[in-house]
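Peer 1: The structure that follows is given in the form of structure tokens.
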Amino acid sequence: MGNTTIRLPDDKLRMLRAISGYENRPMSRIVEELLDDYLERHKETQEIISCKTSMESIRRGLEDEKSGKMASLKKAKKILHVED
């Protein structure tokens, strides 16, 4: 297992220390749980990023939008008079 250093605002660090003491658990375990939750919520994003075909499609779409070949969703909604 590796080590890392994180910088936290003082108020968040105090809260983390208080919770750690109250639950009688190391702060590292609490942070690891939070990170696990965050990574799980972003699992789909990780899968898309790791797929070369998906990323190439996204890049082409962004290039098409920048070059004017394709309208952005915001612009298309405006043209079609669709509200959010």
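The values are calculated or read from the model by the stated rules, or taken from the named source; none is laboratory data. Every value quoted in this text rests on a predicted model; they were computed, and no experiment measured them. A quick note on method: Cβ atoms are made from the backbone with ideal geometry, for glycine too, and the neighbour counts reach across all protein chains shown. Surface accessibility is based on the protein's heavy atoms, side chains included, excluding ligands, DNA and RNA. Shrake-Rupley method; radii C 1.70, N 1.55, O 1.52, S 1.80 Å.
Peer 1: To the nearest 20 debye, what charge dipole does the chain have about its Cα centre, counting +1 at the Cβ of each Lys and Arg and -1 at the Cβ of each Asp and Glu?
Peer 2: Values: 17 positive and 16 negative charges, 79 e Å.
The calculated dipole for the chain is roughly 380 debye.
Peer 1: For Lys43, which lysines qualify as cross-link partners when the Cα separation must be under 25 Å and same-chain residues fewer than eight apart are set aside?
Peer 2: Lys52
Peer 1: Another one. Considering only DSSP states other than H, G, I, E and B, which GluC sites (Glu not before Pro) in the chain qualify as loop sites with at most 14 other Cβ atoms within 10 Å? Show your work: numbers first, answer last.
Peer 2: Values: sites: Glu23, Glu32, Glu33, Glu40, Glu44, Glu47, Glu56, Glu63, Glu65, Glu83; in loops: Glu83.
In loop regions of the chain (DSSP not H, G, I, E or B), the sparsely surrounded GluC sites (Glu not before Pro) are Glu83.
Peer 1: Can you list the aspartates and glutamates whose alpha carbon sits under 14 Å from that of Lys77, skipping same-chain ones fewer than 8 residues off?
Peer 2: none
Peer 1: Over the chain, average the accessible area per residue using a 1.4 Å probe and give it in Å², no decimals.
Peer 2: Values: 8210 Å² over 84 residues.
Spelled out: the 1.4 Å probe surface of the chain, per residue, equals 98 Å².
Peer 1: Take the alpha carbon atoms of region 1-46, find their center, do the same for region 55-84, and report the distance between the two centers in whole angstrom.
Peer 2: About 38 Å separates the Cα centre of region 1-46 from the one of region 55-84.
Peer 1: Further question: Taking Cα atoms, how many degrees apart are the long axis of helix 52-67 and the longest axis of the chain, rounded to 10 and kept between 0 and 90?
Peer 2: Relative to the chain, helix 52-67 is tipped by roughly 60 degrees.
Peer 1: Looking only at Asp37, Asp64, Asp11, which one moves most when the chain is put into a Gaussian network model with springs between Cα atoms under 10 Å?
Peer 2: Asp11
Peer 1: Ordered by residue, what ³J(HN,Hα) values in Hz, to whole numbers, does region 23-34 give under the Karplus form 6.51 cos²θ - 1.76 cosθ + 1.60, where θ = phi - 60° and Gly and Pro are x?
Peer 2: Here the 3J(HN,Hα) series is 8, 6, 10, x, 4, 4, 5, 5, 5, 4, 4, 4 Hz.
Peer 1: Could you compute the longest span of the chain free of trypsin sites (Lys or Arg not before Pro) located in DSSP loops and having at most 16 other Cβ atoms within 10 Å, not counting the site residues? Could you put the intermediate results ahead of the total?
Peer 2: On the way: sites that count: Arg7, Lys69.
Counting at most 16 other Cβ atoms within 10 Å as exposed, the longest clean stretch of the chain is 8-68.
Peer 1: In 10 Å bins starting at 0, how do the alpha-carbon pair distances of the chain split up by percent?
Peer 2: Each 10 Å bin holds this share of Cα pairs: 13, 24, 22, 18, 19, 5.
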